[in-house]
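Structure first, then comments.
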Amino acid sequence: MTIKPRKRSARPSALKLLARNHLALMGAVIFAGVIILALITPWLPLVNPDATDPANRLLPPLSDGHFLGTDHLGRDLLSRLLWGTRVSLAVGISASLFAAFFGSAIGIISGYFGGRTDNIMMRGIDMVMAFPYILLALAIVAALGPGLMNALYAIAVVNIPFFARNIRGVTVGIVHREFVDSARLSGKGHIRILLSEILPNVMPVIVITMSTTVGWMILETAGLSFLGLGAQPPQADLGSMLGEGRKLITTALHLSAIPGGMIFVLVMSINLLGDGIRDILDPRLKSGALARPAPVTRIDRSTWDGPAHAGSGHVNGQPGAKRDAEKGAILSVEDLRTEFVLGDDVYKAVGGVSFHVGRNECVGLVGESGSGKSVTALSLLGLVASPPGTIAGGRVMLDGRDVFDMHEQEIRAIRGGRAAYVFQDPLSTLHPLFSVGDQLVEAIRAHNRVSYKEAWQKAVELLRMVRIPNPEKRADSYPHQLSGGMRQRVGIAMALANEPELIIADEPTTALDVTVQAQILKLMNNLREQHGTSVLFITHDFGVVSEICDRVAVMYAGQIVEMGTTQQVLENPAHPYTKRLIDCVPRLGETAREIAAIPGLPPAVNDLPVGCAFADRCDRAADACRAGAIDLDPLGDGHAVRCIKPMEVRHA
Ligand code: ADP
Ligand code: MG
C-alpha cells in the first residue's frame, strides 16, 4: 500500500472564515486602520495637540495648516483627534482586559467550586448588578475623583458582573462533564484542572464576551469624559472633545461631528468584527459558511448528467426486470450523490447510490462506520445539514414523485408523516424537558388536526403498541426516567405516530443490549406484518440483517458494492468486502474461530481512488481493479456486485 502525503486540514482557516463574512472583514480592516493610526501617532508630523493659538480659533476643516480645522482655543483638531483616539482606545481596551480577567476569574472559581463559594461570590456580583450601571460608574468616579485612570477602574468594575455571570454559566455546564471527572481521577489538583480543563473550554466565551464589550466600554469611557469625569483638560480623548464641541454645536459643528464620527466608526467596526469573531469561534459554524443549516439540504443537480452510466442503476439484472420490481416500490433511489464541501475539499459521502424499497419490504443498508449510511438516509428527505452538505445529483422517488423536485413545505409534510425516522440515540433526539406523552402528542398534532385529549389517547395507544408496560402512567414520564430500551421504543412510537408508509431506521438497536435488541426487532417485524409498513434498516450488524431484512445493500466508501436478497448475500457473498464483513461477526460457541478484522482503513471520501475503493484492503485485488470505475454488475436473481473479480457464487 502506498502512503499518500497528508492533505492539508480541510477546515477553513479562521482568516478565511472571517474573509467570507464581508461585514466582519470590513470591521476588521477599519479597526486595524484605526489601531495602526493610533500606534504611529507619536511619529506623525503633528503639532502639539495641547498648543493653543487664540488667533486661529474655530478654523473650519481644510484650512491652511489645519486639515480638520481648530477648536475654540485654536488647537489643531487633527492632532487632538489622533491623540484622543489613542487615549480612548487604550482606556477602552485596558478596561475590557481588566474586566475580562477579574470577571472570568470570579466566574470560573464560583462555577467550579459551587456551593458556598459560589453563593458568596454571586451574591456579591448581584449587589454590583443591582445598581443602575452607569450610575454606579459615576458614583465610583465621584468617590475616587475625576481622572482618566479612575474612569478606567469604574468602567472595568461595572463590567465585571457581565463576565462573571457569563463565564460562571459556561463553567457550571462543563464542570460535571466526564473529561473533568477523568482529570480529577487522574490525580490533578484544582488549579491544574482549572487551567488545563476548564479554562480552554471557556476561553472562546471569554473572547466572544470581550469582543462584544470593547466597543461598549469605549463608549462608556467617552460618556464619562463627556460629563467631565474622565480625561481632564487639556488632555484630549474622544469623549472630552465631544463634550467641548457640544457647547459650540450651532456655530462650529465640526468640533463635535469629528470626534463623534470617530467614536461611531470605532465602535461600529469593533462590533462588526466582534460578531465575526463570535461566528468563527462557534464550533458549529467552523466547518461551513456563516449560516444556519437550511431546512432542506441544498440541491444542486446542475453537474449531474442523469441516472449514471449503464450498470450502476440496474441492480436487478435486466433493465426490464428492474422496472417491474420498482414499479410498485414505495421508495426508489437513483444515483444519489451527496457531497460535503469543506474548504477546498469535496467529501463525496454518497457517490451514486441506487436501490429501492418495495411495499411491506425491509431493506438493510450495511457497512462499516463512515461508509455513508447515515448520510444516505438523511439525504432521502433532505435532512443533511446544509452547509456543508449538498445533494449533487440523483433522484429519490417516494411513491413515484421526486422528493428533490418538491417544495420545502411538501417535504416537511412528508417528514414524520408518510416517512418517519428512527435514530440511533433516543436520549439525544427526545426533548429532556417534556414528558414522552407530550412529545408524542406534538408529533401527532404536527400532522393531524386533533384535540390534545384525542392525541394523548393515541399517544398512550402508541406506547402500548411498542410494548411499554403500563403506558397510561409511562406517558407522564420524562426521557431520563426511562431505560435505554424504553426510550428507543418511544422513538419508534414517535415514528409510528402518523402511520408512516416508510420507516427509515438508522442503527436503532446499536446502543441496546441483545435482549432489548431482540424485542425491538420483533416489534418492527410485527409492525410490518400488521401495518404493511416498509422499512429501510441501517445497521453495521449482519446478525440483525438476517433477523429482519428481506434484501440487503452493502455500502463501502459511499457506494453500494453488493446488493441482493438477505439469503443471497449472507450465504453467497460475492464481494470480498461483504465476505470479510460477514466473517467479522462473532458466533456463539465458535470460540476457536478467529475473528478476521479487515486490515487497513476505508479511504477518505475526499480522496477516493480511481478504481475499486476497496482494492487496497483486498487480497484479490489486481491491476485492473485500480484502472477505472467499476459498475454494479448483475449476477442474476437480483443479486449484483461491484467487483471484477467476485467471489464464486453458487446459486441454488
Ligand atoms: P455511517 O455509514 O457510519 O453512517 P456517515 O453517513 O455518517 O457514515 O458518514 C459518511 C461520511 O460523511 C463520513 O466520511 C463522514 O465523515 C462524512 N460526514 C458526515 N456528516 C458530515 C458533515 N456534517 N460534515 C462533513 N462530513 C460529514
Ligand atoms: Mg451512521
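Within region 537-548, residues that are on the phi < 0 side of the Ramachandran plot sit with their Cβ atoms under 9 Å from residues that are in a strand (DSSP E or B) and among the aromatic types (Phe, Trp, Tyr), at 6+ positions apart or across chains, in these pairs: VAL544/PHE537; VAL545/PHE537; ILE548/PHE537.
A single entry from PHE434, PHE423 fulfils the requirement of being within 16 Å of ligand 2 (Cβ to nearest atom), touching a residue at least 24 places away in the same chain (Cβ under 8 Å) and of a type in the set (A, V, I, L, M, F, W, C): PHE423. Within region 16-38, residues that are charged (D, E, K, R) sit with their Cβ atoms under 8 Å from residues that are not in a helix (DSSP H, G or I), at 6+ positions apart or across chains, in these pairs: LYS16/GLY343; ARG20/PRO12; ARG20/ALA289; ARG20/LEU290.
With respect to the conditions (1) closer than 30 Å to PRO573 by Cα; (2) outside any strand (DSSP E or B); (3) away from ligand 2 (no atom under 16 Å from the Cβ); (4) touching a residue at least 60 places away in the same chain (Cβ under 8 Å), VAL490 lacks only one, and its number is (1).
Taking the conditions (1) more than 16 Å from ligand 1 (Cβ to nearest atom); (2) assigned to a loop (DSSP other than H, G, I, E, B); (3) not hydrophobic (A, V, I, L, M, F, W, C) in turn, SER332 satisfies each one other than (2).
The set of residues from region 375-404 being of a type in the set (A, V, I, L, M), more than 11 Å from ligand 1 (Cβ to nearest atom), outside any loop (DSSP other than H, G, I, E, B) and within 21 Å of THR533 (Cβ to Cβ) comprises LEU380, VAL396, MET397, LEU398, VAL403.
Tell me which residues, restricted to region 56-72, are farther than 18 Å from PRO234 by Cα and outside any loop (DSSP other than H, G, I, E, B).
Taking region 56-72 first, the residues farther than 18 Å from PRO234 by Cα are 59-68.
Within region 56-72, SER63, HIS66 meet the criteria.
Might you let me know whether region 390-406 holds any residue that is away from ligand 2 (no atom under 16 Å from the Cβ), under 14 Å from ARG298 (Cα atoms) and within 19 Å of the chain's Cα centre (by Cα)? Checking region 390-406: at least one residue is away from ligand 2 (no atom under 16 Å from the Cβ), under 14 Å from ARG298 (Cα atoms) and within 19 Å of the chain's Cα centre (by Cα).
Restricting attention to region 354-374, and to residues there that are within 11 Å of ligand 1 (Cβ to nearest atom) and in a strand (DSSP E or B), which single residue is nearest to LEU398 (Cα to Cα)?
The first filter runs over region 354-374 and keeps only residues within 11 Å of ligand 1 (Cβ to nearest atom), leaving 365-374.
Among the residues that remain, those that are also in a strand (DSSP E or B) are: 365-366.
On the way: LEU365: 18, VAL366: 21 Å.
Selected residue: LEU365.
Here is a list: THR41, THR85. Which entry is touching a residue at least 24 places away in the same chain (Cβ under 8 Å), surrounded by 19 or more Cβ atoms within 10 Å (Cβ to Cβ) and either within 50 Å of the chain's Cα centre (by Cα) or in a strand (DSSP E or B) (or both)? So the residue among THR41, THR85 that is touching a residue at least 24 places away in the same chain (Cβ under 8 Å), surrounded by 19 or more Cβ atoms within 10 Å (Cβ to Cβ) and either within 50 Å of the chain's Cα centre (by Cα) or in a strand (DSSP E or B) (or both) is THR85.
The residues on offer are SER374, SER369, SER379, and the sole one that is within 27 Å of the chain's Cα centre (by Cα), within 16 Å of ligand 2 (Cβ to nearest atom), modelled with pLDDT of 85 or more and surrounded by 23 or more Cβ atoms within 10 Å (Cβ to Cβ) is SER379.
The values are calculated or read from the model by the stated rules, or taken from the named source; none is laboratory data. It should be emphasised that the depicted structure is a prediction, and the values quoted were computed from it without experimental measurement. Note that we place each Cβ from the backbone using ideal geometry, even for glycine, and neighbour counts take in every protein chain shown.
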